[in-house]
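Bear in mind these aren't lab numbers, they're just calculated from the coordinates by the rules spelled out. Keep in mind the model is a prediction, meaning the values are calculated, not measured. No Cβ is skipped: glycine too gets one built from the backbone with ideal geometry, and neighbour counts run over all protein chains shown.
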Amino acid sequence: MPDQDKLLAIGIMRIKDLCPEERPREKLRQKGGKTLSPAELLAILLGSGSGGKNALEIAQELMVEAGGRLCVLGAWPLERLMNKKGVGETRAIAIAAAFELGRRAFEERAVLACRSVTTPEMVYQLMIPHLKNLDHEQCWVVYLNNAHFVLGQEMITSGSLESTLIDKKRIIRRAIEKQSSKIILVHNHPSGSPRPGIADINQTEMLRKALAPLEILLLDHIIVADKCFYSFSEERVGRME
């Protein structure tokens, strides 16, 4: 499919084809952000064009390469955005910051909506914005108090396509700092299968034993794929819509 046809397929036009009130900035000011396409919102973040292309054209090309999906674009490493013609470091950082703000807003809504995290499904909903579409493994910890209220969550380590190590010392230190009595370990499998390997099982048991003398309980280890998860505590795979 030619690039122009791809652009039309995801419902976006060139700035020169738009009347002034339909240009991204004016459109947002007059009609609100919900009326803008993803490419138009990206164009506002880019600010101006480069290399003979305007901001909207560069944004359209980014959306085409991401298959028209913001979740794919948001999972790109910063270096990939920086290397795109017409983007560069400053604009790439602005786009990455915007996606991070969106993830944090989603995370805050999830925490507020479920004051007490009591099921693997709730943990999945909380963590999938951070882990969806990644091409490498990341290990996160969700810190809870005695009532299972979320005190915070953070990435502990980032690994390769097939593995990441659990940093026991850092997890223990951060749990103590947060006065967390219970934690949930979460990591992703980019392969799409959430089933644990031998290394996952062994590292989970090692962490559980390291936490026990401090009276910090490892409630669960949840392995996340894009649309499913594996819960060590329930030993099942859960499907999410």
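Of note:
- Approximate spin-label separation residue 170-residue 201, in nm, with each point projected 7 Å along Cα-to-Cβ: 2.7
- Residue 48/residue 78 FRET efficiency (R0 25 Å; Cβ-Cβ; nearest 0.05): 0.80
- For the stretch 115-239, the number of Lys pairs separated by eight or more positions or lying on different chains, with C-alpha atoms closer than 18 Å, is 8.
- Taking a straight Cα-Cα cut-off under 22 Å and skipping sequence neighbours fewer than 8 places away in the same chain, the lysines within cross-link reach of residue 84 are 6, 53.
- Between the beta carbons of residue 178 and residue 98, assuming R0 = 22 Å, the FRET efficiency works out to 0.20 to the nearest 0.05.
- Between residue 135 and residue 106, the modelled label-to-label distance comes to 1.9 nm, taking each label 7 Å out from Cα in the direction of the beta carbon.
- Here residue 27 is the anchor, and the lysines within straight C-alpha reach of less than 18 Å, apart from those fewer than 8 places off in the same chain, are 16.
- A straight chain from residue 234 to residue 157 at 0.36 nm per residue would run longer than the Cα-Cα distance by 25.3 nm.
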